[in-house]
Amino acid sequence: MNVLVLTGAGISAESGIPTFRGSDGLWEGHRIEDVASPQGFARNPKLVHDFYNLRRRRLQDDTIRPNAAHLALAEFERQHPGQFLLVTQNIDNLHQRAGSQNVLPMHGELLKARCALTGEVIPWHDDLNTSTVFPDNPDLVGTLRPHVVWFGEMPLGLEQIDEFARNCDVFLAIGTSGNVYPAAGIVQTTPPHCQRIEINLDATPQSGNFAQTIRDKASIAVPQVLA
Ligand code: BJW
């Protein structure tokens with residue numbers, strides 16, 4: 001039995017990480033599209049660095065820990081090795097910290113940085129700014145950016161996701177608003193026999209594609225569904 005799981009910001013909300021499209025959908029007055037796009041970065045790199053620096057610092061705070069939903073997914077994978085792919089849109093590392101192994105962070109990782117010239121990716125735990133020097137090549141001044149996927153950029157691992165989705169028997173979408181593509185369209189590539197389950201506090205534009213929709217907190221519903 002192949003199990004594909006897609007997670008979004010809602011699974012980390014109970015760990016203390018805010019979602020994107022909450023009550024006002026804004027970050028200090030800025031739309032997510034403005035702080036998470038190449039155009040926004042070109043217009044105002046300091047603003048974009050501030051946005052990610054703040055989130056990177058918060059992620060490394062001791063109070064931010066995997067919750068019962070992350071832990072239940074990791075335990076399920078331990079019991080079903082080799083038949084399980086966890087695709088996350090989240091750039092936090094809570095799935096990895098919970099012990100999940102086969103994790104595909106399709107929108108990148110906050111604790112990594114990327115050279116804008118060479119594409120080289122390195123672990124990164126500190127603030128970035130417009131003059132951050134690439135450690136191995138001090139000549140490449142100011143070319144580091146967060147290793148994340150912005151609007152208009154190609155998400156990571158799409159071929160692997162597509163292949164697994166076409167062959168999966170169970171598809172579980174947890175805490176994602178179903179607004180951002182191609183993640184939102186994965187459900188439509190699963191085969192007809194696939195059991196599709198959505199866990200979310202609210203209905204989403206994708207809810208109609210799921211046979212079962214569970215309106216509950218991820219920390220409650222995920223351990224129950226996987227038991
Ligand atoms: C709980 C809960 C609890 C709360 N328990 N639930 C087709 C149609 C229209 C547009 C497009 C299209 N295809 C492409 C596009 C353009 C664009 C797009 O989708 N735009 C839409 C906004 C319309 N997509 C792209 O540009 C993507 N790239 C692309 O398409 O490349 C070309 C391509 C061509 C051909 C094939 C494939 C590709 C890139 C998208 C990159 C998104 N990047 C971001 C930022 C990443 C870095 C960062 O974190 O800062 O990713 S934006 C942001 O949204 C972030 C998230 O991963 C993503 C999704 O958000 P998510 O996780 O769903 O969070 P929320 O806040 O929206 O929802 C939380 C949910 O949880 C809510 O529903 C709550 O109810 C729920 N919840 N607490 C359970 N306790």
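Observations on the model:
- Some residue of the stretch 12-33 being closer than 24 Å to Ser131 by Cα, touching a residue at least 60 places away in the same chain (Cβ under 8 Å) and not aromatic (Phe, Trp, Tyr): yes
- Single residue of the stretch 171-195 satisfying the filter (among the β-branched types (Val, Ile, Thr) and touching a strand residue (DSSP E or B) at 6+ places or on another chain (Cβ under 8 Å)) that is farthest from the ligand (Cβ to nearest atom): Thr190
- Any hit, the stretch 202-221, residues being surrounded by fewer than 20 Cβ atoms within 10 Å (Cβ to Cβ), outside any loop (DSSP other than H, G, I, E, B) and near the ligand (Cβ under 7 Å from one of its atoms): yes
- Within the stretch 72-125, tally of residues that are touching a His at 6+ places or on another chain (Cβ under 9 Å) and part of a loop (DSSP other than H, G, I, E, B): 6
- Condition broken by Glu198, with the remaining ones in (1) under 23 Å from Glu75 (Cβ atoms); (2) surrounded by fewer than 18 Cβ atoms within 10 Å (Cβ to Cβ); (3) acidic (Asp, Glu); (4) more than 8 Å from the ligand (Cβ to nearest atom) satisfied: (2)
- Cross-chain or 6+ apart pairs with Cβ under 6 Å, the stretch 69-91 first and within 24 Å of Gly185 (Cβ to Cβ) and at pLDDT below 95, then more than 12 Å from the ligand (Cβ to nearest atom) and not hydrophobic (A, V, I, L, M, F, W, C): Gln83/Asn2
- Flag if Arg114 is surrounded by fewer than 19 Cβ atoms within 10 Å (Cβ to Cβ) and either within 16 Å of the ligand (Cβ to nearest atom) or assigned by TED's automatic domain parsing to the domain that holds Leu47 (or both): no
- The sole residue among Pro123, Pro146, Pro105, Pro135 that is farther than 30 Å from Thr190 by Cα and surrounded by 21 or more Cβ atoms within 10 Å (Cβ to Cβ) is Pro146.
The values are calculated or read from the model by the stated rules, or taken from the named source; none is laboratory data. Note that this is a predicted model, so its numbers are computed, not measured. Using ideal geometry, Cβ is built from the backbone for each residue, glycine included, and neighbour counts are taken over all protein chains shown.
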